[in-house]
1. How big is region 91-202 on each of its three principal axes, counting only the C-alpha atoms and giving the largest first in Å?
2. For region 151-198 and region 33-87, what is the centre-to-centre distance using only Cα atoms, to the nearest Å?
3. How are the C-alpha pair distances of region 87-147 spread across 10 Å bins, as whole percents from the shortest bin up?
4. List the chymotrypsin sites (Phe, Trp or Tyr not before Pro) in region 68-142 that DSSP assigns to loop (not H, G, I, E or B) and whose Cβ has at most 13 other Cβ atoms within 10 Å. Which are they?
5. Would you kindly state how much longer the chain becomes between residue 85 and residue 143 on full extension, computed as 0.36 nm times their sequence separation minus their alpha carbon distance, in nm to one decimal?
6. Would any residue of region 71-95 have its amide N under 20 Å from a label point 7 Å out along Cα→Cβ of residue 37? List them or say none.
7. Quickly work out the residue 98-to-residue 194 label distance, labels modelled 7 Å from Cα along the C-beta direction, and quote it in nm with one decimal.
8. Keeping all protein chains in the complex and leaving out DNA, RNA and ligands, what accessible area do you get for residue 101 with a 1.4 Å probe, in Å² to the nearest 10?
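The values are calculated or read from the model by the stated rules, or taken from the named source; none is laboratory data. Given the structure is predicted, the values throughout are model-derived calculations rather than measurements. Methodologically, a virtual Cβ is constructed for each residue, glycine included, from the backbone with ideal geometry; neighbour enumeration extends over all protein chains shown. Note: accessible area is taken over every heavy atom of the protein model, side chains too, but ligands, DNA and RNA are not part of it. Shrake-Rupley method; radii C 1.70, N 1.55, O 1.52, S 1.80 Å.
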Amino acid sequence: MRMGMMGRLATVVLLAGAGLVAAVSGAGAAPPAATVAVAPVFDLNGPWTDNGSARPSIINNGVNLVVNMNYAGRPTAFGTVRDATTIVVRFPDAGTFTARLEGTGIIRWSNGSTWQKVFNGPLVHDINGPWTDGASDQSVSNQGGYLRVVFRNGRPDGVGFAVNPTTIVVTFPDNATYAGRVDPAGLIVWSNNTVWRHPILR
């Protein structure tokens, strides 16, 4: 009887050492944290940005994260989901950073930078093409939720992103960052009360 107990104990210790046993016995024993699938407060998968110029993308599979930094020619980063509102990612060329998940699509990194989720589905109105506010003409391009505004009067390009089917955010380097409401009728109503319409083509 004693030898049988020792044999079972040796088997358990051997399996635990190989990482194959989560718990020997007893109620309340939990598996290792790295194997627990934790659901983040929002879906991390897909494209992200800081203001429209940065274009990283994330793949989240269980607790594992893969951050594609190809847009900047940087190496791929890998990380884990610690809990519903915390992730940790190691960037090979920069270091390891913790981040808090906030709201419905914000990653706030421990180095002070912030990423926002990019909506890459269709908007309620196709905003690609020419626009005017009556005083200046510009064109907008929407590629996978990343936006660029090119002015014909020489102003620097604006960059931004789509937040949802009816909301965009664009940073104008010579002015400020504005949110725009995309109207299905073919208007962009900006947070500074400016309204853009498609120009009448002659």
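1. Rounded to whole Å, the extents work out to 56, 29, 24 Å.
2. 28
3. 18, 30, 26, 20, 6
4. Numbers: sites: 71, 78, 97, 109, 115, 119, 131; in loops: 119.
For chymotrypsin sites (Phe, Trp or Tyr not before Pro) across region 68-142 that sit outside H, G, I, E and B with at most 13 neighbouring Cβ atoms in 10 Å, the list is empty.
5. Numbers: separation 58, 0.36 × 58 = 20.88 nm, distance 2.91 nm.
Working it through step by step, the gained length comes to 18.0 nm.
6. Backbone N within reach: 79-88.
7. 4.1
8. 10
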